[in-house]
1. If D285 meets every condition in (1) among the charged types (D, E, K, R); (2) assigned to a loop (DSSP other than H, G, I, E, B); (3) in contact (Cβ under 8 Å) with a residue 12 or more places away in the chain apart from one, which number is that one?
2. Note down all Cβ pairs under 9 Å where the first residue falls in segment 342-360 and is without any contact (Cβ under 8 Å) to a residue 24 or more places away in the chain, the second is within 10 Å of ligand 1 (Cβ to nearest atom), and they're at least six residues apart or on different chains.
3. In segment 242-270, what count of residues is obtained for those that are more than 17 Å from S286 (Cβ to Cβ) and among the hydroxyl-bearing types (S, T, Y)?
4. Regarding segment 314-332, can at least one residue be identified that is away from ligand 2 (no atom under 15 Å from the Cβ), among the aliphatic types (A, V, I, L, M) and surrounded by fewer than 19 Cβ atoms within 10 Å (Cβ to Cβ)?
5. Can you name the residue in segment 293-312 that is assigned to a loop (DSSP other than H, G, I, E, B) and touching a helix residue (DSSP H, G or I) at 6+ places or on another chain (Cβ under 8 Å) and, of all such residues, is surrounded by the most Cβ atoms within 10 Å (Cβ to Cβ)?
6. Please work out if S47 is among the hydroxyl-bearing types (S, T, Y) and either surrounded by 20 or more Cβ atoms within 10 Å (Cβ to Cβ) or over 19 Å from K7 (Cα atoms) (or both).
7. Just give me the residues in segment 215-266 being in contact with a Ser or Thr (Cβ under 9 Å, 6 or more places away or on another chain) and within 16 Å of ligand 2 (Cβ to nearest atom), in sequence order.
8. Please work out if I235 is within 14 Å of ligand 1 (Cβ to nearest atom) and touching a strand residue (DSSP E or B) at 6+ places or on another chain (Cβ under 6 Å).
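Each reported figure results from applying straightforward, stated rules to the coordinates on display, with no laboratory input. Remember, it's a predicted structure, so these values are computed and weren't measured experimentally. Virtual Cβ from ideal backbone geometry, glycine too; neighbours counted across all protein chains shown.
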Amino acid sequence: METFGKKILVVDDNLELIDIIRKFLRTQNFEVLIALDGKTAIEKTLSDAPELVLLDLKLPDIPGEEVLKRIKEINKDIAIIVVTGFGGEQVAVEMMRKGATDFLSKPIEKEVLLKSIQNTLEIRNAQIEDRRFGQHPSLEKFFPFLAHEIRNPLHAISGALTIIQRRSDLKDEILAQSIKIINEEVHHLNEFVQECLNFVRPPNFVRFIEVDIHEVFSVVMNMISHMFESESKKIRVVMDVDPQLPKIYANYEEIKQAFLNIVKNAYEAMPEGGEFTIKTLRKPDSPKTIEIAFMDDGMGLKRGNLDKLFDPFFTTKLRGTGLGLAICRRIIVERHHGKIFIESEENQGMKVKVELPIGRRLGD
Ligand code: ADP
Ligand code: MG
């Protein structure tokens, strides 16, 4: 993620610590502002509009909690990481409920600080993007709202869970299992929210670049092997690719998303294992187009369901969103002027064929 030149306001009254943090953050190309007390912190938030505030909760004048509240009132897009002294975890969790994105306990390690800043800025960017929309009027308003309402408590749950985990005896199997379940459910909800947002996110032509499709496959398959650890052992992957395949002009992130959705479906259709093939070729009768086929030999599709596949919310899965293929269609057809075809019979697997133009179009 691009963090170059992002403004960070460090609020603390410990000059020695400030000096260390300032020097370190500057080496990481952040612009660093300093406030030694709460009043100055609020003033600088108003005058300098930092992207992120690193806020010590113990300040000489105003309580940190009050400063947090004021900063959020000034601009709710300013991300806040709260810093507490030893044993301040409980307060920190409370602060996350009030809008802080993360917390750090003193003494602060540089790597931990950097990681937290990067995560926090990423979450902030996602939240800002969540609010920028245009097409599907009702869903486009509703999904970002939903995302916001779900994501914030989820962060708080994750934060609290980390503490429980740290302080618990994980040899207690029932406890360990329960923590695992909470983690998985939080993860599932995060994915659900992400999928809803992917569905309404507007096209971003700025990010059109030359993309090597085969490179996208390796990234996608790598992600899949993490998502489907146990199934992966039972699925044989065949890559039948044309080594001469030209690069295409595309939005890398979107194409990755579309392929990921297709491969995810294929893996979900083969819980007992099977064979999954990706085939690429330059379309013989139309050299300006590449063709990609994704084939699985999983459960296939019931007759009659074929024409509902691309409808948003159509799902036959217990916990599906029914948005995966709707997103694919949007990315491939609407944003990349490609085509997508599906062939399937019940218990005979599925073939998803995607055609994408190689070149740039006017207006892209
Ligand atoms: P979801 O995966 O959340 O159900 P999708 O839009 O990705 O939503 O898929 C919609 C439906 O299409 C799935 O619920 C499933 O019934 C069907 N489907 C998609 N891909 C496959 C596949 N490879 N094999 C069998 N059915 C599939
Ligand atoms: Mg899906």
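1. Going through (1) among the charged types (D, E, K, R); (2) assigned to a loop (DSSP other than H, G, I, E, B); (3) in contact (Cβ under 8 Å) with a residue 12 or more places away in the chain one by one, D285 breaks only (3).
2. Cβ pairs passing all conditions: E343/L306; E343/M350; E343/K351; E343/V352.
3. Of the residues in segment 242-270, 2 are more than 17 Å from S286 (Cβ to Cβ) and among the hydroxyl-bearing types (S, T, Y).
4. no
5. Of segment 293-312, the ones assigned to a loop (DSSP other than H, G, I, E, B) are 297-305, 309-312.
If we keep only those that are touching a helix residue (DSSP H, G or I) at 6+ places or on another chain (Cβ under 8 Å) as well, we get 298, 309-312.
Numbers: G298: 24, L309: 22, F310: 18, D311: 13, P312: 18.
Selected residue: G298.
6. Details: among the hydroxyl-bearing types (S, T, Y): yes; either surrounded by 20 or more Cβ atoms within 10 Å (Cβ to Cβ) or over 19 Å from K7 (Cα atoms) (or both): no.
For S47, the condition - among the hydroxyl-bearing types (S, T, Y) and either surrounded by 20 or more Cβ atoms within 10 Å (Cβ to Cβ) or over 19 Å from K7 (Cα atoms) (or both) - is not met.
7. Once the filter is applied, which keeps residues that are in contact with a Ser or Thr (Cβ under 9 Å, 6 or more places away or on another chain) and within 16 Å of ligand 2 (Cβ to nearest atom), segment 215-266 yields only I224.
8. It is true that I235 is within 14 Å of ligand 1 (Cβ to nearest atom) and touching a strand residue (DSSP E or B) at 6+ places or on another chain (Cβ under 6 Å).
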